[in-house]
Amino acid sequence: MNFVSRKLWIVGGMSLALGACAAKKVTPVQYSLGLSRAEYRDYSRARVNICDVEPGTVSGELGAVNKLLTDFLSSSEQVKNPQSVDHGRAVELLKEAEGSLDKVLDVYQANLQAVSRCGFAKSGTIQELAKQGTALVEQSRTRMAESSQLLAVKDAQRKWQAEAPQREQAARQEWCAKNPEVGSTDLYYARKHADGRTEWFFCDGHIVQSGTNGGEPTLVSPEGLSAKDRRKVKPSRYLEAAQGYPVEEMDKQPASVADMAAPAPAPAPAQGTAAGGN
């Protein structure tokens with residue numbers, strides 16, 4: 001071995017040793033999300049130049065985080081599709097990612113930016129991993145931002161659903177007589193679900209309902225109605241009363257972030273042939 005070759009061998013060996021030492025100085029972070037796991041290091045916080053780390057170590061970290069982000073994007077894809085069998089799993093994964101994945105993305109993005117300045121970044125493998133990683137970070141941030149709003153709307157919808165019976169009962173007490181007359185068509189409350197279903201409630205216990213896809217509303221009579229009372233019921237009058245209820249005064253389930261910010265409507269006075277009172 002001539003002097004030059006021996007010198008290059010020594011320098012190369014020292015570089016690998018320094019790279020291994022640099023990686024050891026930075027405590028690896030174990031991160032789990034769903035069924036995926038990855039190990040990465042926060043070189044910036046440890047004040048270690050990632051370019052001094054052995055390329056194989058860097059390549060391994062980039063590949064591990066890329067796989068985790070790929071799995072995350074794939075498993076959360078159906079979050080906007082409530083009809084999908086994977087919707088519930090996507091929602092749970094996004095809830096798990098809240099408050100933790102953003103920190104991983106911040107560190108990983110900083111590592112990718114630092115790697116781009118390294119000499120070994122021009123190698124095919126690391127260059128491709130870094131390119132993939134940059135795209136995955138952007139896609140993951142977009143998914144998290146969109147899902148954060150979506151999950152907030154879902155929470156608001158559940159809250160609205162849980163409290164709807166209390167609001168309906170309060171309106172009934174406010175606008176209906178103690179013993180309402182069957183057939184009076186006094187309408188005291190209406191609510192519209194996010195999927196389009198609408199219900200109009202009458203003081204005598206009747207309800208007019210419409211489906212998610214519109215169509216003709218139908219009248220639902222209370223159970224135990226006597227034959228005498230049934231003769232008092234004129235379906236067309238209930239349907240007309242429902243049609244005349246102010247849309248802006250309906251109790252609406254939020255369907256978007258904008259709906260969540262809108263003030264709750266004041267309940268409209270009972271409408272019909274003879275609005276009742278307490």
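The values are calculated or read from the model by the stated rules, or taken from the named source; none is laboratory data. These numbers were taken from a predicted model, which means no experiment stands behind them. Neighbour counts are summed over all protein chains in view; Cβ atoms, including those assigned to glycine, are modelled from backbone coordinates with ideal geometry. With ligands, DNA and RNA removed, areas are computed over all heavy atoms of the protein, side chains included. Shrake-Rupley method; radii C 1.70, N 1.55, O 1.52, S 1.80 Å.
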Roll a 1.4 Å probe over the protein chains and send me the accessible area per residue for region 70-133 in Å².
56
Round to the nearest 0.05 the FRET efficiency obtained for GLU248 and GLU181 when R0 = 35 Å and r is the Cβ-Cβ distance.
0.80
Just the Kirkwood number for region 62-117, please: inverse of mean 1/r across all distinct Cα pairs, in Å, one decimal.
12.5
Shape descriptor, region 34-161: equivalent ellipsoid semi-axes (Cα gyration tensor, sqrt 5λ, whole Å, largest first) stand at 33, 14, 11
Which percent of the accessible area of region 201-256 is formed by carbon and sulfur heavy atoms (probe 1.4 angstrom)?
50
Can you list the lysines whose alpha carbon sits under 26 Å from that of LYS154, skipping same-chain ones fewer than 8 residues off?
LYS80, LYS95, LYS103, LYS192, LYS252
Region 126-164 residues near the modelled GLU98 label - backbone nitrogen below 16 Å, point 7 Å along Cα→Cβ:
143-160
Could you give the length gained on full extension between SER116 and GLU216, defined as 0.36 nm per residue of separation minus the Cα-Cα distance, in nm?
29.8 nm
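Is region 87-204 best put as rounded, prolate or oblate by its Cα gyration tensor, with a ≥ b ≥ c the root eigenvalues, rounded for a/c under 1.5, and otherwise prolate when a/b is larger than b/c, oblate when not?
Details: a/c = 6.63, a/b = 4.89, b/c = 1.36.
Here region 87-204 falls in the prolate category.
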Multiply the residue gap between THR27 and ALA170 by 0.36 nm, knock off their C-alpha separation, and tell me the result in nm, one decimal place.
45.6 nm
Mind checking which lysines have their C-alpha under 23 Å from LYS228, skipping anything on the same chain fewer than 8 residues away?
LYS178
